[in-house]
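Nothing in this text is a laboratory measurement; each read-out follows from the coordinates by a stated rule. These numbers come from a predicted model, not from an experiment. Note that each Cβ is placed from the backbone with ideal geometry, even for glycine, and that neighbours are counted across all protein chains shown.
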Amino acid sequence: MPVLFVGHGSPMNALPDNVFYDSWQQLGRQFGARWPKPQLILCISAHWLTQGWALTAMAQPRTIYDFGGFPQALYQLNYPAPGSPAVAQELASLLRQPGDGQPVALDTTDWGLDHGAWSVLMPMFGAADIPVIQLSMDASASTADHVALGRQLQGLRERGVLIVASGNIVHNLRALRFDAPDGQTFEWAQQFDDTIAGYLTSGDLTALQNFKQLGALATQAHPSADHFWPLLYAAAAAEHSAAPEFFNATFQVASISMRSVIWD
């Protein structure tokens with residue numbers, strides 16, 4: 001299976017008739033044509049941070065509306081994809097938490113599918129007939145640890161598991177400009193986005209992991225790094241793959257990069 005990193009941007013992108021929704025829908029149509037239909041989707045979202053790592057292990061994960069102040073139409077969306085407790089249990093026995101080597105925890109009650117997951121999966125796989133498991137990210141982990149766990153996901157690709165990481169390569173909510181047309185951005189944001197795209201193209205996972213060495217540029221692009229971390233999981237899971245393909249390589253509200261990546 002391929003590995004995907006999807007820039008999800010505003011929750012409003014989950015509503016039809018916008019360019020990002022349309023691109024996700026078109027991507028979904030390639031499963032069954034370019035690629036087989038996934039047996040299971042493992043999603044790593046910027047919006048599920050935990051102490052240690054965890055996997056959703058409920059039979060029917062709920063749709064989580066982890067945002068506020070948006071139109072009622074968003075809260076009426078529901079993505080009823082099943083979970084897979086048995087596969088979650090198997091994954092928990094396979095994956096080891098970097099550092100202490102303990103198994104990844106199972107969450108049977110608390111989480112579900114947050115909007116980093118369902119907002120992009122709904123357009124891609126609207127039938128909601130593919131089981132989805134979310135993997136949380138340890139909020140206190142180093143970037144090296146995020147990469148280490150991402151590398152453990154590589155073998156799942158041969159088992160029909162589609163890895164979907166969801167975040168944004170640039171994500172600065174303090175610098176949003178709601179009047180900015182799609183594609184308009186700041187010089188620092190474009191520079192960071194271009195730099196990271198270069199790392200991805202050359203397969204330089206070390207530079208990607210050490211993105212904070214870009215100094216003020218990295219701080220401007222990510223006042224907090226939660227939306228960058230999913231990219232590390234995807235790039236690590238796709239290590240040694242063919243060169244990545246980019247899509248949605250533009251900006252939304254000036255300071256959110258929608259650049260998305262496919263590793264085949």
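Observations
- Taking first residues from the stretch 85-103 that are more than 22 Å from residue 58 (Cβ to Cβ) and partners that are part of a helix (DSSP H, G or I) and among the small types (Gly, Ala, Ser), the Cβ contacts under 7 Å between residues at least 6 apart in sequence or on separate chains come to 98/148.
- Within the stretch 57-70, residues that are surrounded by 15 or more Cβ atoms within 10 Å (Cβ to Cβ) have Cβ atoms under 6 Å from residues that are of a type in the set (A, V, I, L, M, F, W, C) in these pairs: 57/88; 57/106; 61/113; 63/113; 63/118, counting only partners at least 6 apart in sequence or on another chain.
- Among the residues of the stretch 173-182, those that are under 22 Å from residue 46 (Cβ atoms) and either part of a loop (DSSP other than H, G, I, E, B) or without any contact (Cβ under 8 Å) to a residue 24 or more places away in the chain (or both) comprise 176, 177, 178, 180, 182.
- Criterion: part of a loop (DSSP other than H, G, I, E, B) and closer than 23 Å to residue 1 by Cβ - qualifying residue of 88, 81: 81
- Only one of the numbered conditions (1) surrounded by fewer than 24 Cβ atoms within 10 Å (Cβ to Cβ); (2) in contact (Cβ under 8 Å) with a residue 12 or more places away in the chain; (3) assigned to a loop (DSSP other than H, G, I, E, B); (4) out of contact with any Leu (no Cβ under 7 Å at 6 or more places or on another chain) is not met by residue 246, and that is (3).
- Qualifying positions in the stretch 107-122 - part of a strand (DSSP E or B) and out of contact with any Pro (no Cβ under 7 Å at 6 or more places or on another chain): 107
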